[in-house]
Amino acid sequence: MAKERDDKLQGPLPQLNDQLYHGRLEGEAEAIRHDKQKKAQKLSGQDLLMSYRRHVDRNLVNGFSRKLYAGFWIRLWAFLVDLIFVGALQAILLACVLTFLPDAYLVQWPLVNYLAWQLVLVVYFSLASYLLNGQTLGKALFKLQVVKADQYRLNFGTCFVREGLGKLILSNLPILGLFVVVTPKRQNFMDFFTDTNVVALDQFRFLYEENRI
């Protein structure tokens, strides 16, 4: 009799309890995920990053850490958009400068053009990334942001070295852009000097909604 009772206890009842337990856990996880989705809809990717950026440098679950960072192609498109703005600013600068230059200087047009391009490039990327806290107009359009672990707001020195000088070097040696493809956190060559990363804000939002961070 006791044996039959033990057999009954080991039968469908424990399995039913397990199903109920796992079902409750799944329901709780789904509720948490739903709440996070509602919260994410109200906040921008930047707001989420500011609140949960402590997770940027830690290894996330199931290899998501690499996907958190912006890839080569989207960064290339953002850079090309920025170059359009640089070209427009360069044209405006040259129009103003050449208005006041003596005619003799016009002979040096290629040199003036090159120097104006380099100057506008450095100033644009340095100031834009500083004023927009790690974003340029191109990065903002494609929802990318430069972040640094110990700076919730990038200082001007970081922006000048990483963005200004970095883009100056990159424009003359574009082959260096391939660093993004081979590095674990998709860092470019200047990220190693400034200890920075470029985060894809949409991917950060996705990881937040999926309760990965």
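Structure above, values below:
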| read-out | value |
| --- | --- |
| Ranked packing of 190-199, 87-96, most packed first, by mean Cβ within 10 Å | 190-199, 87-96 |
| Distance histogram in 10 Å bins (all Cα pairs of the stretch 94-194, percent per bin) | 14, 39, 27, 14, 5, 0 |
| Å² per residue, accessible surface of the stretch 127-202 at 1.4 Å | 47 Å² |
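The values are calculated or read from the model by the stated rules, or taken from the named source; none is laboratory data. Quick caveat, the model's predicted, so the values are computed rather than measured. Note: ideal-geometry Cβ built from the backbone for every residue, glycine included; neighbour counts use all protein chains shown. The protein model used for the area step is the full one, side chains on, heavy atoms only, and it has no ligands, DNA or RNA in it. Shrake-Rupley method; radii C 1.70, N 1.55, O 1.52, S 1.80 Å.
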